[in-house]
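The values are calculated or read from the model by the stated rules, or taken from the named source; none is laboratory data. The structure displayed is predicted, hence computed values, not measured ones. Every residue, glycine as well, gets a Cβ built from its backbone with ideal geometry; the counts of neighbours run over all protein chains shown.
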Amino acid sequence: MIGTNIIAAYTDEEAEKRSTSMLQHHLGLIRNKQVPLQPPVDDIDALCSAYEKTILQQKLAGSIIGSRETVKTKLEKFVEETQTDEIIINSQIFDHQARLQSYEIVADIIRNA
């Protein structure tokens, strides 16, 4: 069993934007300033330094973010590389309906695998 972050949306761009809530959360952990999950932003680079961005990229490198097709491809690769037979999915998505949509997309991918 392995856990990973998965954020799915209808487009890669929308998934990337939704992921900025997760990035802001982890940025708060880096800065030792925990706040409630924040709404997505258009430009995460405006909120963090290059150093912090590097830490975020390293810390969240295993995250799977994208459209249905992107998530399917990355998830298949993840399962192949890890040989896991069970995945715990974490999705730090600010909007509840968007979070449900993400889970529905992932469930559909798994059902049709």
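Worth a mention:
- Pairs, first farther than 16 Å from Asn90 by Cβ in segment 21-42, second small (Gly, Ala, Ser), C-beta under 6 Å, six or more apart: Gln34/Gly28; Val35/Gly28; Gln38/Ser21; Pro40/Ser21
- One residue stands out among those in segment 57-69 that are buried (at least 17 other Cβ atoms within 10 Å of the Cβ) and of a type in the set (Gly, Ala, Ser): the one that is nearest to the chain's Cα centre (by Cα), which is Ser63.
- Residue in segment 10-28 that is closer than 27 Å to Ala113 by Cα and aromatic (Phe, Trp, Tyr) present: yes
- Looking only at segment 99-109, residues that are more than 24 Å from Leu27 (Cβ to Cβ) and free of Cβ contacts under 8 Å to residues at least 12 places away in the same chain come to 3 in all.
- If you go through segment 56-84 and keep only what is among the charged types (D, E, K, R) and in contact with a helix residue (DSSP H, G or I) (Cβ under 8 Å, 6 or more places away or on another chain), you end up with Lys59, Arg68, Lys72.
- Inside segment 70-98, residues that are part of a helix (DSSP H, G or I) and either touching a residue at least 40 places away in the same chain (Cβ under 8 Å) or crowded, with 17+ Cβ neighbours inside 10 Å (or both) make up a count of 8.
- Filtering segment 14-61 to residues that are in a helix (DSSP H, G or I), farther than 16 Å from His96 by Cα and of a type in the set (D, E, K, R) leaves Glu16, Asp45, Glu52, Lys53, Lys59.
- Residue within segment 104-112 that is farther than 26 Å from Asp42 by Cβ, modelled with pLDDT under 95 and not in a helix (DSSP H, G or I) present: yes
- Some residue of segment 50-66 being in contact with a strand residue (DSSP E or B) (Cβ under 9 Å, 6 or more places away or on another chain), touching a residue at least 60 places away in the same chain (Cβ under 8 Å) and under 22 Å from Ile88 (Cβ atoms): yes
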